[in-house]
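Worksheet: the structure to be examined is printed underneath.
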Amino acid sequence: MPKWYWPSGGYRSPEFETYFDQPQIYSALERNVPEIISTNEALLDSIDNGAKYTFDISGIFLDQCKWNPALIESFQEIKDRGANFSASPYYHSVSSLFPDNKEFKDQVSMHRDKIKEIFSINPRTFINAELILTKELSTTLKDMKFKCLISEGSENLLYGSDPMYVYGNHIPTLLRHISLSEDIELRFSDQNWKSYPLIADKFASWIAGMEGDVTTLHFKYSSILTHQQNRSNIFQFLIDLPESFEKYGISMVTPEEALKKFKTKELPSIINKSTSRYGMHNLLGNHPQHLYLHELISIGEILQTLKDTPEYEKLNCIYRYLQQSEILLEMGSDNNNLGYEKAVNSFSAISDFKRALLEVKA
């Protein structure tokens, strides 16, 4: 995330450290290393009990893992036990919303190559940043030889139905079951939740009572860390889940296994709507967010004119970090009254970066 930035004392040459606090990023990762490894050990036990997981890990995080090789080793062990990995934009960016899809395709190819390099897996499932889905996305992914897309099961696609099928599109699409995913992601350690405590048997019984072929669960890895910090039994829940599913006749499958097992169902709205995790309004629900996206697009056009300059690679890297979806989410009106402050800070950074590009161009 951008650090609190203001160009005091005159303008400087644009460097990563100008806009991002590398020491703070490193410290935050190091604090979480023991919990990440403990979480992966619990997931290994879950896999040994029959669980199937597909991990969506950004290129940014994989780069940070170089600071502590034990992290890569931990995820490598998960892969060796049968877990899969999806592809996504390398910088967890909103590049799929740009008018030109070249930047998006470049980042997806970068990420796919990184997954191949580290885990010897060629990802066939795609998960976009914030589960964004646009009309053009599935066509682009089909051209890139992906087999499956996982996106958000939003109301503007389903109109009140549960997303319990493999849906036909340019490529087969699985839609996240929002309520069940958020039971794990958001509510699991909430003692005021009416279904607290959530145990694996209870959760499996809910799914067993639903009609349909497949339930797609997608939740942030960081939510497991949060629940563990809240002294919940999230590890035991994940370990017990495969056996509870088996008790109710439910099989855990990977996205690609679901494609082979079930026929696709038509969902006309899937080709003419735009959606994302928690609704597109969280990414582009106010004027600063729209303006920030416009500035990203404008900067990308300027950068294309600087390809032959010595500074291009460095500048392009900074540009891609400024595309992270989290930057737009933090500008949201629902961000605990901090959205305005975050917007002011982000525009301070991006306007200074644009100023530097124009100076190079001149």
Reachable aspartates and glutamates, given that their alpha-carbon falls under 14 Å from the alpha-carbon of K361 and they are not under 8 places away in the same chain: E301, D308, E311
Helix-only mean residue ellipticity at 222 nm for the chain, each DSSP H run of n ≥ 4 adding -39500 (n - 2.57), per residue, nearest 500: -15500 deg cm²/dmol
Accessible-area ranking of I302, I199, largest first, probe 1.4 Å: I199, I302
Cα-based Kirkwood hydrodynamic radius, segment 202-344, one decimal, Å: 19.7
Environment charge of K342, counting only residues whose C-beta is closer than 11 Å and scoring Lys/Arg +1, Asp/Glu -1: -3
5 angstrom amide H check on F20, placed H, neighbours 5+ away: K3
Cross-link partners of K194 among lysines (Cα-Cα below 30 Å; sequence separation of 8 or more within a chain): K52, K202, K220, K247
When segment 105-226 is reduced to its Cα atoms, the Kirkwood hydrodynamic radius in Å: 16.2
F237 accessible area, assembled protein chains, probe 1.4 Å, Å²: 10
Cα gyration tensor of segment 39-94 - equivalent ellipsoid semi-axes, whole Å, descending: 21, 14, 7
In sequence order, calculated HN-Hα J values of segment 85-100 (Karplus, 6.51, -1.76, 1.60; Hz; x Gly/Pro): 10, 9, 9, 7, x, 3, 9, 6, 9, 9, 5, 5, 8, 6, x, 9
Karplus (6.51, -1.76, 1.60) ³J(HN,Hα), θ = phi - 60°, over segment 254-263, in Hz, Gly and Pro reported as x: 7, x, 5, 5, 4, 4, 6, 8, 10, 6
Tail weight of P(r) past 26 Å, computed on alpha-carbon pairs of the chain, percent: 54
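The values are calculated or read from the model by the stated rules, or taken from the named source; none is laboratory data. The structure presented is a predicted model; accordingly, all values stated were derived computationally and were not measured. Backbone-built Cβ (ideal geometry, glycine too); neighbour counts: all protein chains shown. Each accessible area value is taken on the protein alone, full model and side chains, heavy atoms only, with ligands, DNA and RNA left out. Shrake-Rupley method; radii C 1.70, N 1.55, O 1.52, S 1.80 Å.
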